[in-house]
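All remarks here apply to the structure that follows.
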């Protein structure tokens, strides 16, 4: 209104025109509304914090649990259909060393779905395996470092959870282009003319031994249908430069 772009402001019960008294009244009413809104936000946060301190995580729980409301009391209970599947999932990783893809395939075979009826994705599998909620603790809000002891029944023990985290540890990846291999940039594929690329892989070993390194070579697949397979660097054909691939 000060710039002359608005002639007046019409609300449900009042009209504010371009004069000092009405603009001052409008400013007071807006400030009062802002104060009430901020107070509601503080009260909501206080209520959420009190709920966490009581041991109940706000929001929907992860797969294997569901929220229950009975006689005005809300709590979190184990899902009778999915709870045992989650326990078995952690056991397979902790005791059998199953990978995320193996678990994903197994969950699809059991028919496990999300609450919306969709299949569990691979990223969701890793999120569940890293979620401490299953052994009885939770962090809220996420990544704040504020932890609470939950009152919900745990599906696994802390020891099983720690074993799973050890299985999920992978070797750190270096930035693209930093790694060098013995035959990098020396050969090209004779079929698709793509450069030969060396990839580094690590294999876990027993008795806490460091992982064993393996290097495989393959072409850059200039043609998506290139039939040439991977070649292991430790193969005698590589060391003696007797390649099975048609190179030039």
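Seen against the Cα atoms of the chain and their longest principal axis, helix 20-53 is set at about 50 degrees. If you run the Gaussian network model on the chain, springs between alpha carbon atoms under 10 Å, then out of 233, 139, 166 the most flexible one is 233.
For the chain, the longest principal axis of the C-alpha atoms and the axis of helix 83-96 are separated by about 40°.
As a check on your grasp of the helix formula, calculate [θ] at 222 nm for the chain: sum -39500 (n - 2.57) over DSSP H runs of n ≥ 4, divide by the residue count, round to the nearest 500. Mind showing how you got there, number by number?
Numbers: 6 runs with 82 residues, N = 248.
Rounded to the nearest 500, the figure is -10500 deg cm²/dmol.
Each peptide in 99-108, 200-209 was scored by the mean count of other Cβ atoms within 10 Å over its residues; highest first, the order is 99-108, 200-209. A full extension of the chain between residue 140 and residue 6 corresponds to an added length of 43.7 nm, given 0.36 nm per residue minus the alpha carbon distance.
In the set [x] 63, 40, 30; [y] 64, 44, 31; [z] 93, 56, 33, the label that goes with Cα extents along the principal axes in Å computed for this structure is [z]. Projected label points at residue 158 and residue 50, each 7 Å from Cα along the beta carbon direction, are separated by 2.9 nanometres.
Fully extending the segment from residue 77 to residue 121 would add 13.5 nm, taking 0.36 nm per residue of separation and subtracting the current Cα-Cα distance.
Hey, what did segment 65-168 get for relative contact order, percent, Cα under 8 Å, at least 6 apart? Computed over segment 65-168, the figure is 27 percent. Compared with the dominant principal axis of the Cα atoms in the chain, helix 158-168 is inclined by about 50°.
Readers should treat all values here as calculations from the given coordinates under stated rules, not as data from a laboratory. Just so you know, these numbers come straight off a predicted model, no measurement behind them. Quick reminder, even Gly has a Cβ in these numbers, built from the backbone with ideal geometry, and neighbours come from all protein chains shown.
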